[in-house]
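Working notes for the structure below.
The values are calculated or read from the model by the stated rules, or taken from the named source; none is laboratory data. It should be emphasised that the depicted structure is a prediction, and the values quoted were computed from it without experimental measurement. Positions of Cβ are backbone-derived with ideal geometry, glycine not excepted, and every protein chain shown enters the neighbour counts. The accessibility values were calculated without ligands, DNA or RNA, using every heavy atom of the protein model including side chains. Shrake-Rupley method; radii C 1.70, N 1.55, O 1.52, S 1.80 Å.
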Amino acid sequence: KTFTVTNNCGYTVWPGILSAGNSPAALDSTGFALAPGESRTMPAPHGWSGRLWGRTFCSTDPAGRFACATGDCGSGRLDCAGNAAKPPATLAEFTLDGSGGMDFYDVSLVDGYNLPMLVTPRGGVTGENCAPTGCMVDLNGKCPAELSVASPAAAGGGGVACKSACEAFGSAQYCCSGEYGNPNTCRPSAYSQFFKNACPRAYSYAYDDATSTFTCASGDTSYDITFCPSTASVKSVGSDHGMVYAGGAQLVSSSPRVAAKTWLPPGVIVVGVAVQKDILQSGVQSKADQSPVTVADYGSQILVSLVLKMEAPASSSFSMVAEEDSEELRKEGAEEILENITELVNETIVDDGTYSIYFSKEGILSAIDDGKSEGGPSGRHWVLDPIDGTKGFLRGDQYAIALALLDEGKVVLGVLACPNLSLGSIGNLNGGSSGDQVGALFSATIGCGAEVESLQGSPAQKISVCSIDNPVEASFFESYEGAHSLRDLTGSIAEKLGVQAPPVRIDSQAKYGALARGDGAIYLRFPHKGYREKIWDHAAGSIVVTEAGGLVTDASGNDLDFSKGRFLDLDTGIIATNKQLMPSLLKAVQDAIKEQNQAASPL
Ligand SMILES: Nc1ncnc2c1ncn2[C@@H]1O[C@H](COP(=O)(O)O)[C@@H](OP(=O)(O)O)[C@H]1O
Ligand SMILES: [Mg+2]
């Protein structure tokens, strides 16, 4: 019987362990460091009880004293040596071999929250309530201001933890003390509801036992404890599949940006990453069987629309312009694919643990059709490409999940998840670089700039386009697929500009993301005549670039107009670059087009 602690965060976590006073034995450590991706397995002694948490932003000061911005245990050392975590901290609590031969465990936010954590039983796994529990969500970004703990240790001095109402206000009512010291008088508060809605399985206040305590038959059940679980491939276990439709848990307050950013990764990326891996492993890369891509495509669309419906302010009506609709799936012969999608979606929701929702096949079809909106110049519309760069996805190359929000015909928010794009610059080379972390999440809000963060949830960093003003030093991006852009034309534009470097060819809107953080200077896209660009292929990418200080226009220098429905109405092609290079780029584009037209009709 063991505990395996895994750090799936994009940053180092220092687990701390406290054995209870009455615990017959201690674990073999009370504190250690776990680098991203690292894990450590420890024997779980018979009858052990105690708690485990993650410390973040730790360092040793010049005097040799070790301290952490969150979860610190005050020992001044790496090991906690019998000290508890200073709140706020997400806690995993265990009592092994308790009454009736059962292990009892929970994840508690009663002392606040500092990072996502999941406890998964493994091995024996029997017992009615033997299931994964935890809090999968990164709550630091959406913590109510009065509970939020900021630290200069975080990039940008952002939120690093979220206090409980008891800690923040100290009242008996929130702390369940004094006359509130029993379950009848101490009730959930708006604050505990904030935690409960985000993480329904975790303890949100002291008497939240009914839905928060889990038990497994002791036997040889081992436990996996994972920090930042959401991008791990978490398999569900136990008898926990009997989830029923329970309606929408509405978050107390969440801005669309936070909703979009926080919720793209957990379910959707897991689906993307897992399905791409399956495709590559099974070798289904031929065009003949596109069904795995199809499943991922629909699955991604359903999960994003589910999350948006749950998390976006409910007041206005929901409208989404998305690439897929259910028509093909309603046809004869599509039963198996529909079955696979239904299974994938339901499994992902159960594994994630945030929502208690079950989709029937009919539910799946109608959820897909949530994306049928026509968009247009008035009102608010989400714009989604569930898997952009399908060809790249199939090849194991770049792809993106691209989500934007249109408000009165203008893009006001964009989120671009690129699971295969390295977090660091891809420089002037095709492909990844120096053993860097992979998985980048770009986001932008109108007037507020653009950011990138790791898909594993590292703090966001502001990005800006490169400041090159000499085209000779510039490199340009274009589609990997030759059929998507006229290479004679882009080659001739580059030549006229004096660009020396060969084109960097990658799939999907990852090009916009890479351009926005200065990996390259120019993006050229010139489809064959008659091709109509769709808004979901450019909405998120273009706001990421413009908010990073760049410009995105058509070949005549007009801004892209997203108010015309599902298609963009534009002159010839799309170009993007920084403000310095745009005038000369536009001139080169127009000269090259003129030349091409003259060559085509020599009169
Ligand atoms: N002939 C064509 N010309 C231009 N774009 C095309 C095209 N055929 C498909 N596309 C679009 O190009 C997108 C991929 O762009 P890129 O070449 O930059 O990777 C596709 O998105 P999907 O993969 O979501 O279908 C599709 O919408
Ligand atoms: Mg696309």
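Quick notes on this structure:
- The calculated 222 nm mean residue ellipticity attributable to helices in the chain amounts to -7000 deg cm²/dmol, summing -39500 (n - 2.57) over DSSP H runs of n ≥ 4 and dividing by all residues.
- Couplings 3J(HN,Hα) of the range 488-495, computed from phi: 4, 5, 5, x, 6, 4, 4, 5 Hz, in residue order, whole Hz [Karplus 6.51 cos²θ - 1.76 cosθ + 1.60, θ = phi - 60°; x for Gly and Pro].
- Cut-off of 10 Å, at most 15 other beta carbons, DSSP loop: longest stretch of the chain lacking such GluC sites (Glu not before Pro): 147-331
- Taking Cβ separations below 4.7 Å as the criterion for a possible disulfide partner, the isolated cysteines in the chain are Cys418, Cys448, Cys466.
- Here the chain carries DSSP beta bridges of which approximately 85% are antiparallel, counting only pairs with both residues inside.
- Cα-based shape type of the range 23-153, given that a ≥ b ≥ c are square roots of the gyration tensor eigenvalues and the cut on a/c is 1.5: oblate
- The range 458-499-the range 142-204 distance, computed between alpha-carbon centres (Å): 48 Å
- Extents of the chain, taken as max minus min of Cα coordinates on every principal axis and listed largest first, are 95, 65, 45 Å.
- Using alpha-carbon coordinates, inclination of helix 335-352 to the longest axis of the chain, degrees: 50 degrees
- Shown for the chain: the carbon plus sulfur share of the solvent-accessible area, taken with all protein chains present and a 1.4 angstrom probe, equals 51%.
- Amide proton proximity set for Gly424, modelled H, under 5 Å, gap of 5+: Gln437
- Residues whose amide H lies under 5 Å from that of Ala44, counting only those 5 or more places away or on a different chain, are Thr2, Phe3; hydrogens are built 1.01 Å from N in the peptide plane.
- Here the 3J(HN,Hα) profile of the range 387-400, calculated from phi with Karplus coefficients 6.51, -1.76 and 1.60 at θ = phi - 60°, is 9, 8, x, 3, 5, x, 4, 5, 7, x, 9, 5, 8, 8 Hz, Gly and Pro shown as x.
- Two-site FRET efficiency, Lys361 against Val438, from Cβ-Cβ distance with R₀ of 45 Å, rounded to 0.05: 0.85
- In the context of the full set of protein chains, the chain has a per residue accessible area of 40 Å² (1.4 Å probe).
- Rg(Cα) / (2.2 N^0.38 Å) computed for the range 1-74, rounded to two decimals: 1.17
- Size of the range 486-580 as Cα extents on the principal axes (Å, biggest first): 38, 29, 24
- Our summary gives the chain a relative contact order of 10 percent, counting only alpha carbon pairs under 8 angstrom and 6 or more residues apart.
- Annotation: amide H-H contacts under 5 Å for Ser319 (H modelled 1.01 Å from N, sequence separation of 5 or more, or interchain): Trp382.
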